[in-house]
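> Dumping the structure here so I can ask a few things about it.
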Amino acid sequence: MHPNHNYKLTLKWTGNKGTGTSSYRSYDRNHDILIDNKTTIRGSADPTFHGDKTVHNPEDLLLASLSACHMMSYLHVCVKNGIVVTDYIDNATGIMKVNDDGSGQFIEVTLNPIVTISDETFLDKANELHKEANKLCFIANSVNFSVKHNATSKV
């Protein structure tokens, strides 16, 4: 049996302009994500929701988490299958639906990895391994919406 992994962080709101949340527009949505021994991540809301467009928002970070987790799972299964990856880039996209009551949820994420491998005889296998990587991805296994893959492999 594998042990559980525990994670912790501190999220600190930095958006008090002096009057707190006295009105909907009287405060910024800015915050810092603090994790011991790591670079602070500055965050805000999506600009649509009165956030700072120059920093990361939760939606960006969810999409990045799915993309990064898939990449790491994919690299792992490639090693196990003798495929040498020399480059990997993903242009991920996500669709978030906003409901009439102001709530919302992601309904789909599409990962678009472009993978370069060293041996063309493994091209088909390299494309197939995205399915296995998806099954292993901790983050993809934690969401309740579709994570699609539109992968391309090349030499």
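> Relative contact order of the chain, please, whole-number percent, based on alpha carbon pairs below 8 angstrom and at least 6 residues apart.
Details: 254 pairs, mean separation 26.1, N = 155.
Computed value for the chain: 17 percent relative contact order.
> Right, another one. Give me the dipole magnitude in Debye, nearest 20, for the chain about the Cα centre, with unit charges on the beta carbon: positive for Lys and Arg, negative for Asp and Glu. Walk me through the numbers on the way to the answer.
On the way: 15 positive and 17 negative charges, 81 e Å.
Computed about the Cα centre, the dipole is about 380 debye.
> What nm value, rounded to one decimal, do you get for the distance between Lys135 and Asp36 when each label is placed 7 Å out toward the C-beta?
Label-label distance for Lys135 and Asp36, simple model: 3.6 nm.
> Something else about it: How far apart, in nm, are two points set 7 Å out from the Cα along the Cα-to-Cβ line at Lys154 and at Asn99?
4.3
> Enumerate the amide H contacts of Glu108 below 5 Å, restricted to partners 5 or more residues apart or on another chain; note that Pro and chain-start residues carry no placed amide H.
For Glu108, whose amide H was placed from the backbone, the distant partners under 5 Å are Ile95.
> Please list, in order, the residues from region 132-155 whose amide nitrogen is less than 20 Å from a point placed 7 Å along the Cα→Cβ vector of Asp124.
Of the residues in region 132-155, 132-133, 150-155 have backbone N under 20 Å from the label point off Asp124.
> So what's the gap between the Cα centers of region 1-49 and region 104-155, to the nearest angstrom?
Using only Cα atoms, the two centres lie 30 Å from each other.
> Percentage of Cα-Cα pair distances in the chain greater than 26 Å, rounded to whole percent?
On the way: 5082 of 11935 pairs.
Summing the P(r) tail past 26 Å for the chain gives 43 percent.
> Normalise the Cα radius of gyration of region 1-76 by 2.2 N^0.38 Å (N = residues in it) and let me know the number. Kindly include the intermediate steps, with their values, before the conclusion.
On the way: Rg = 15.9 Å, N = 76, 2.2 N^0.38 = 11.4 Å.
Dividing the Cα radius of gyration by 2.2 N^0.38 Å gives 1.40.
> Counting each DSSP H run of 4 or more residues in the chain as -39500 (n - 2.57), what helix-only mean residue ellipticity at 222 nm follows after dividing by all residues, to the nearest 500 deg cm²/dmol?
Numbers: 2 runs with 37 residues, N = 155.
Rounded to the nearest 500, the figure is -8000 deg cm²/dmol.
> At a Förster radius of 25 Å, what calculated FRET efficiency corresponds to the Cβ-Cβ distance of Leu75 and Trp13, to the nearest 0.05?
Working: r = 36 Å, r/R0 = 1.44.
Efficiency, from the Cβ-Cβ distance: 0.10.
> If you don't mind, another one. Mind checking the dipole of region 85-155: about its Cα centre, +1 per Lys or Arg Cβ, -1 per Asp or Glu Cβ, Debye to the nearest 20? Could you put the intermediate results ahead of the total?
On the way: 6 positive and 10 negative charges, 20 e Å.
Charge dipole of region 85-155: 100 debye, to the nearest 20.
> Let me ask you something else. Starting from the Cα of Lys135, draw a straight line to each of the aspartates and glutamates and keep only those under 20 Å, dropping any in the same chain fewer than 8 residues away.
Cα-Cα hits under 20 Å: Asp90, Glu108, Asp124.
> Here is a further query. Of Thr19, Ile83, Thr54, whose Cα points farthest to the positive end of the dipole of the chain (charges on the beta-carbon: +1 Lys, Arg; -1 Asp, Glu; origin at the Cα centre)?
Thr19
> Counting Lys and Arg as +1 and Asp and Glu as -1, each charge on the Cβ, what is the dipole of region 10-49 about the Cα centre in debye, to the nearest 20?
Values: 6 positive and 4 negative charges, 19 e Å.
Here region 10-49 has a charge dipole of around 100 debye.
> For region 38-55, in order, what is each residue's ³J(HN,Hα) by Karplus, 6.51 cos²θ - 1.76 cosθ + 1.60 with θ = phi - 60°, in whole Hz (x at glycine and Pro)?
Taking θ as phi minus 60°, the curve returns 10, 5, 5, 9, 7, x, 7, 7, 4, x, 4, 10, 6, x, 7, 6, 8, 10 Hz for region 38-55.
Only the coordinates and a few stated rules stand behind these numbers; no lab work does. Remember, it's a predicted structure, so these values are computed and weren't measured experimentally. Here the Cβ is made from the backbone with ideal geometry for all residues, glycine too, and neighbour counts use every protein chain on show.
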